[in-house]
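A.B. asks: Take this structure, written in structure tokens, and hold onto it; I'll ask about it next.
Readers should treat all values here as calculations from the given coordinates under stated rules, not as data from a laboratory. Source: prediction; values computed, not measured. Cβ placement follows ideal geometry from the backbone for every residue including glycine, while neighbour counts extend to all protein chains displayed.
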Amino acid sequence: DAKTTQPTSMDCAEGRAANLPCNHSTISGNEYVYWYRQIHSQGPQYIIHGLKNNETNEMASLIITEDRKSSTLILPHATLRDTAVYYCIAHAGNNRKLIWGLGTSLAVNP
Amino acid sequence: NAGVTQTPKFQVLKTGQSMTLQCAQDMNHNSMYWYRQDPGMGLRLIYYSASEGTTDKGEVPNGYNVSRLNKREFSLRLESAAPSQTSVYFCASRQLAGAGYNEQFFGPGTRLTVL
């Protein structure tokens, strides 16, 4: 599975959009991009995933560049409860190679 | 539905002791996973079970064994605990093993300290 690169930390003001970038320049054609978050010591929680097209659900939007080498997770109106570590993962189905990385620690400030 | 449950929530062991971490899911998922997470680090895959009756090693399997007891339950055993195994252990399940379109669901974790 492709390696992903994310900034270590980010800040966002409450009520504003949080845009979390992820670089996956070596992603292959059959690899999906998944986003999860982990709120202080809890189990990770699935947010969204995509292959080529942009995706939106009740939690977030996922924008994938046309060349698929990077993506952005958008939390449209961040709240204090969105403070968490966000993980971007590229995964094609080889479970042995599920690499989580260190993620981005997002702090939403009042 | 309870989702993914793990027992115990907390455990303290002495070096050399053994224990089994239990995990169960009620979502009729085929695949189950065990991860460990050390302070300030991402999750590392210990073992996984793509389907009932199969298990396979992940990134960090040394010192652990697993049993896929049935479709619902996947246990992780430490035969002789070492301080390096102090960590938070997460169990996860997934409908299918392939990447396609199905996400992992995680349990609340077991916090293990080995003295």
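A.B. asks: About its Cα centre, how strong a charge dipole does the protein assembly as shown have in debye, to the nearest 20, once Lys and Arg get +1 and Asp and Glu get -1 at the Cβ? Display every interim value, and only then the final one.
C.D. replies: Working: 20 positive and 17 negative charges, 105 e Å.
For this selection, approximately 500 debye.
A.B. asks: Percent relative contact order of chain B, based on C-alpha pairs within less than 8 angstrom and at least six residues apart?
C.D. replies: Values: 305 pairs, mean separation 40.8, N = 115.
Over chain B, the number comes to 35 percent.
A.B. asks: Could you give the length gained on full extension between B:GLN22 and B:GLU52, defined as 0.36 nm per residue of separation minus the Cα-Cα distance, in nm? Don't skip to the end; give the middle numbers.
C.D. replies: Working: separation 30, 0.36 × 30 = 10.80 nm, distance 1.58 nm.
Between B:GLN22 and B:GLU52, full extension yields 9.2 nm more.
A.B. asks: Assigning unit charges at the beta carbon (Lys, Arg +1; Asp, Glu -1) and nothing else, what dipole magnitude in debye, to the nearest 20, does segment B:8-115 show about its Cα centre?
C.D. replies: On the way: 11 positive and 8 negative charges, 41 e Å.
Value, rounded to 20: 200 debye.
A.B. asks: OK, next. Which one of A:TYR36, A:TRP100, A:ILE48 is farthest out on the positive end of the charge dipole of chain A, using unit charges on Cβ (Lys, Arg +1; Asp, Glu -1) and the Cα centre as origin?
C.D. replies: After comparing all options, I get A:TRP100.
A.B. asks: A follow-up question, please. Write out the cysteines belonging to chain A for which the nearest other cysteine Cβ is not under 4.7 Å, or none if no such cysteine exists.
C.D. replies: A:CYS12
A.B. asks: Under 8 Å for C-alpha pairs, at least 6 residues apart: give me the relative contact order for chain A, rounded to a whole percent. Before the final figure, lay out the partial values.
C.D. replies: Values: 275 pairs, mean separation 41.6, N = 110.
Contact order relative to length: 38 percent.
A.B. asks: Continuing with the same structure: Farthest toward the dipole's positive end in chain B, which of B:MET32, B:SER84, B:PHE105, given Cβ charges of +1 (Lys, Arg) and -1 (Asp, Glu) about the Cα centre?
C.D. replies: Farthest towards the positive pole: B:SER84.
A.B. asks: Which one of A:CYS22, A:SER71, A:THR4 has its Cα pushed farthest toward the positive end of the charge dipole of segment A:1-105, where Lys and Arg give +1 and Asp and Glu give -1 at the Cβ?
C.D. replies: A:THR4
A.B. asks: Let me know the shape class of chain A, please: from the alpha-carbon gyration tensor, a ≥ b ≥ c as square roots of the eigenvalues, rounded when a/c is under 1.5, otherwise prolate if a/b is greater than b/c, or oblate.
C.D. replies: Working: a/c = 1.95, a/b = 1.51, b/c = 1.29.
Cα axes put chain A in the prolate bin.
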